[in-house]
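Take a look at the structure below.
The values are calculated or read from the model by the stated rules, or taken from the named source; none is laboratory data. The structure displayed is predicted, hence computed values, not measured ones. Here the Cβ is made from the backbone with ideal geometry for all residues, glycine too, and neighbour counts use every protein chain on show. Ligands, DNA and RNA are excluded from the accessible area calculation, which covers all protein heavy atoms including side chains. Shrake-Rupley method; radii C 1.70, N 1.55, O 1.52, S 1.80 Å.
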Amino acid sequence: FFVRGAADGTVTTMDGRETAPAAAEPKWFLAPDGSVPSFDQSQASGLSVGVPGNVALAWKAHRQYGKLPWAALFQPAIALARDGFVVNRQLFNSATANAELAGASPAGRAWLFGTDGKPAPVGTRVANPALAETLADIASRGPDAFYQGRRAQVIATTVAAATPRPRAMTEADIARYAAKDREPVCGSYRGYRICGMGPPSSGGIAVVGILGMLERFDLKALGPQNPTTWHLFLEAQRLAYADRELYVADSDFVTVPVRGLIDRSYLAERSRLISPDRRLANAAPGRPAGAPIARADGDEPAENGTSHFAAVDAAGTLVSYTSTIEAAFGSGLMANGFYLNNELTDFSRRPTGADGKPVANRVEGGKRPRSSMAPTVVWDPQGHPVLAVGAAGGPTIPVQTARAIIGFIDFGLTPREAIGLPFVMSFGDGIMLEKGTWLESAAERFRALGHAQIVVRPAPVKAGAVGRLKGGGWQSARDPRVETNVEVP
């Protein structure tokens, strides 16, 4: 998902989300007896692979706004793939934790594993000449090199061979893929204008919803090291996510009440459910204007295969751009030197809810699965562009993004400081507090507020931003948690 905010306030959002093949239908993931297989079974098969959208989105954005030659953009990546790069701690840890997927194909084992069958150790130089060749072809011929001809045939053949159904992804599915313009989701927070991505992403709606519900509380006075501040944040997240899980899916297939969900009066009504001194017993979905009957709920897996880019140019044009293949190594299938995504597991694998109603985020041919990605751009009350921010981390993404915006606006933090704030999030009936931060020592205070189920663990997050500093100039930032995990000998 690509969000561009110009200095004059113009917003453009583009959707490069993967699509289900034409043959897909609501029972796509079900076993012959109607049961839902394990997630791992669904992931490690052709059923999980959506038609890739990254190349089409990059081409569309470049055609509309790019200044450098298309081919020039690929040269650093081509060089890394051709000449190799050194395995760092983060890649080694990821390959070790996900060895079954990373090495599921001969190509995966060849480039990232040693002759002993173990992931290449830290410090090893690895190269991927097949990927270099693919990137060079796309650089030379544009997206046709990816979506048509030999490379498209390899993708379709690879997916079909791993699909336990007579009908699977085809070359025609790949050839018809198109990135789309979408309507941005924009709201306000303390006079700042906040714009992000709309459906099929739930990210923009969730971020605007969380901030809108918190606006009546004086978070600045409470401060960033106050459990009440983050209790309020947790409650707003719970309410925003209840709505997100019920209503948001691909708006080309279902009615999504976007305006109702971000309406200020609706958010004020939801905010009145939040108490500073006690946890809401049941964070149920609301009833925004235009609410449909179908449900959008369903499992959303954790992921590790997301990247976020934030940039600003001399004119103040902000770009926030999030890209993913879902899991760290996607489906484990490889074609043309790259791992194929497992994005279709972002659909609800069960087509109906417990109430028997159809799930809005069910699988359908040509449909795009719901996402949490939340690339966001921000203008100050005077209309000046001040922040581009987003994150990786599956369902944690809107929480990370909203937290960074609160740090930047309410607490006056720099982008690096805002991204580095301790992480807290509600999961089901419990909450997670980041291990090694002051939140860990405040666990009893959270329990006193009604958060009985508490897990303390390292934060599974990774955010990035670029923002304007108070004294002028811009600061780029990436999550300090990443910095501590990528040391190279």
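Can you tell me how many residues within segment 173-202 are part of a helix (DSSP H, G or I) and either modelled with pLDDT under 95 or open to solvent by less than 50 Å² (accessible area, probe 1.4 Å) (or both)? Residues meeting the conditions: 2. Of all the residues in segment 395-418, those that are surrounded by fewer than 24 Cβ atoms within 10 Å (Cβ to Cβ) and of a type in the set (Lys, Arg) number 1. Being of a type in the set (Ser, Thr, Tyr) and farther than 20 Å from PHE338 by Cα is the filter here, so list the residues in segment 153-194 that pass it. If the condition is that a residue be of a type in the set (Ser, Thr, Tyr) and farther than 20 Å from PHE338 by Cα, then SER188, TYR189, TYR192 are the ones that fit.
To keep it simple, each residue is scored yes or no on (1) within 19 Å of the chain's Cα centre (by Cα); (2) in a strand (DSSP E or B); (3) touching a residue at least 40 places away in the same chain (Cβ under 8 Å); (4) within 25 Å of ASN304 (Cβ to Cβ).
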| position | (1), (2), (3), (4) |
| --- | --- |
| PRO381 | no, no, yes, no |
| THR396 | yes, no, yes, yes |
| ALA402 | yes, no, yes, yes |
| ILE405 | yes, no, yes, yes |
| PHE408 | no, no, yes, no |
| LEU439 | no, no, yes, yes |
| VAL455 | no, yes, no, yes |
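Within segment 365-383, the set of residues being farther than 20 Å from VAL208 by Cβ and open to solvent by 40 Å² or more (accessible area, probe 1.4 Å) comprises just one member, GLN382.
Screening ALA335 with (1) in contact (Cβ under 8 Å) with a residue 40 or more places away in the chain; (2) surrounded by 24 or more Cβ atoms within 10 Å (Cβ to Cβ) gives one miss only, at (2). In segment 39-66, the residues that are among the basic types (Lys, Arg) form Cβ pairs under 9 Å with partners that are open to solvent by 40 Å² or more (accessible area, probe 1.4 Å), at six or more places apart or across chains, as follows: LYS60/ALA178; LYS60/LYS180; LYS60/ASP181. Where helices (runs of 4 or more DSSP H) fall wholly inside segment 10-111, the ranges with 2 or more residues that are within 18 Å of ILE325 (Cα to Cα) and open to solvent by 20 Å² or more (accessible area, probe 1.4 Å) are 39-43, 54-65, 89-97, 99-102.
Specify which of the listed residues (VAL319, VAL312) is modelled with pLDDT of 95 or more, under 16 Å from the mean Cα position of the chain (by Cα), under 30 Å from ALA136 (Cα atoms) and open to solvent by 30 Å² or more (accessible area, probe 1.4 Å). On inspection, the qualifying residue turns out to be VAL319.
Does segment 213-235 contain any residue that is among the β-branched types (Val, Ile, Thr), part of a helix (DSSP H, G or I) and surrounded by fewer than 19 Cβ atoms within 10 Å (Cβ to Cβ)? Yes, the conditions are met somewhere in segment 213-235.
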